[in-house]
Amino acid sequence: MTQIVTGDAVLLDLRPARVPTRMLSTLIDLTLIAGIAYLYGYIINEIGGSRSRVEAVTIAGALIVMFGYPILSETVTRGRTLGSWALGLRVVRDDGGAIRFRQALLRGLAFWAVDFALWTGFCGGLICAAVNPQSKRLGDLMAGTIMVRTRAPRAAKPIPPVPPELAVWASQLEVSRVPDELLTAARAFIQRYDGLLGFPQQQLALELASQVAAKTAPPPPAGVSPHDFLAAVVAERRQRESTKLRSQQWVPSADELPPGWR
């Protein structure tokens, strides 16, 4: 997350696009450019003419596509090409504003001249983005732009309730000694459990369960899996915090007030 202050003194939180996402976006755009250039060359060859004329027109058309597509696309859409649109990305100015033709022009020229040029091994932009904290390529540094993610991150799954078979044990559980940091890690693990791979999933479950078990009492019933144990601890802690919060917000009714207070 990157925080910037606009000219109107408004604080914005931007999520810079990371290198792998940018690489995939660029690959989509390069594929589209190659496809358009190939189709253009095929049409010119079918029209026919002298060889020198066909070659000159083909090269000119290829250059127009190479430079014109990204520049025109980012200018018209205020920072998007087909690749960035497909991956939920957008180019904005460093102050968070929409880019204009000048920024799109600088980015388009720098891409072919430096970022994806033969003399840089077609890796100039990749190397720059890999070492830059905001994953900026050289064209971004020259134009004063940054590529950000526009799609909101996927919402985490809700915390499941305490399993019925563990309800009695969970009601007697002492969870006050569990540090907030460890509880947060356990909660994040439960919410993202289905998205983890097999071995890392099991390894992380065992590690977190052993740390949480050392801070809780009594121990769980025999045969309880690390995942169910963590889910029960997290759900019970959440339930107790919710009950405590509701009790703090409780306002007695007139019938509940003691005599003399009504």
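How do the helices (runs of 4 or more DSSP H) wholly within the stretch 63-133 filter down when requiring 3 or more residues that are within 17 Å of PRO20 (Cα to Cα): which remain?
Once the helices (runs of 4 or more DSSP H) in the stretch 63-133 are filtered for at least 3 residues that are within 17 Å of PRO20 (Cα to Cα), what remains is 82-86, 124-131.
Which of the residues spanning the stretch 159-200 are more than 17 Å from VAL224 (Cα to Cα) and of a type in the set (A, V, I, L, M)?
ILE159, VAL175, VAL178, LEU182, LEU183, ALA185, ALA188, LEU196, LEU197
Provide a single number: the residues in the stretch 14-57 that are in contact with a strand residue (DSSP E or B) (Cβ under 8 Å, 6 or more places away or on another chain), outside any helix (DSSP H, G or I) and either buried (at least 17 other Cβ atoms within 10 Å of the Cβ) or not charged (D, E, K, R) (or both).
3
Is it the case that TRP112 is aromatic (Phe, Trp, Tyr) and either surrounded by 14 or more Cβ atoms within 10 Å (Cβ to Cβ) or touching an Asp or Glu at 6+ places or on another chain (Cβ under 7 Å) (or both)?
yes
Pairs only if they're at least six apart or on different chains, beta carbon under 8 angstrom, first in the stretch 97-109 and assigned by TED's automatic domain parsing to the domain that holds ASP140 and β-branched (Val, Ile, Thr), second assigned to a helix (DSSP H, G or I) and surrounded by fewer than 19 Cβ atoms within 10 Å (Cβ to Cβ); list them, first residue then second.
If the second residue must be assigned to a helix (DSSP H, G or I) and surrounded by fewer than 19 Cβ atoms within 10 Å (Cβ to Cβ), the pairs left are ILE99/THR75.
Go through THR150, THR145 for me and flag whichever is under 30 Å from MET23 (Cα atoms) and surrounded by fewer than 18 Cβ atoms within 10 Å (Cβ to Cβ).
The unique qualifying residue is THR150.
Would you confirm whether any residue within the stretch 225-234 is part of a loop (DSSP other than H, G, I, E, B) and not β-branched (Val, Ile, Thr)?
Looking through the stretch 225-234, at least one residue is part of a loop (DSSP other than H, G, I, E, B) and not β-branched (Val, Ile, Thr).
Would it be correct to say that LEU230 is at pLDDT 85 or above and closer than 26 Å to PRO164 by Cβ?
yes
If we scan the stretch 165-188, do we find a residue that is touching a residue at least 40 places away in the same chain (Cβ under 8 Å), exposed (fewer than 14 other Cβ atoms within 10 Å of the Cβ) and closer than 14 Å to ARG238 by Cα?
Yes, there is a match, as at least one residue in the stretch 165-188 is touching a residue at least 40 places away in the same chain (Cβ under 8 Å), exposed (fewer than 14 other Cβ atoms within 10 Å of the Cβ) and closer than 14 Å to ARG238 by Cα.
Among the numbered criteria (1) among the basic types (Lys, Arg); (2) farther than 19 Å from PRO16 by Cα; (3) in contact (Cβ under 8 Å) with a residue 24 or more places away in the chain, which single criterion is violated by ARG53?
(3)
Does the stretch 66-75 include one or more residues that are among the aromatic types (Phe, Trp, Tyr), surrounded by 14 or more Cβ atoms within 10 Å (Cβ to Cβ) and modelled with pLDDT of 90 or more?
For the stretch 66-75, residues among the aromatic types (Phe, Trp, Tyr), surrounded by 14 or more Cβ atoms within 10 Å (Cβ to Cβ) and modelled with pLDDT of 90 or more: present.
Let's see how each residue does on (1) under 30 Å from GLU74 (Cβ atoms); (2) among the β-branched types (Val, Ile, Thr):
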{"position": "THR120", "(1), (2)": "yes, yes"}
{"position": "SER135", "(1), (2)": "yes, no"}
{"position": "ARG177", "(1), (2)": "no, no"}
{"position": "GLN191", "(1), (2)": "no, no"}
{"position": "LEU204", "(1), (2)": "no, no"}
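For residues that are hydrophobic (A, V, I, L, M, F, W, C), modelled with pLDDT under 90 and surrounded by 15 or more Cβ atoms within 10 Å (Cβ to Cβ), tally how many sit in the stretch 210-227.
1
The values are calculated or read from the model by the stated rules, or taken from the named source; none is laboratory data. This one's a predicted model, so the numbers in the text were calculated from it and none came from an experiment. FYI the Cβ positions are ideal-geometry reconstructions off the backbone, even for glycines, and counts take in every protein chain you see.
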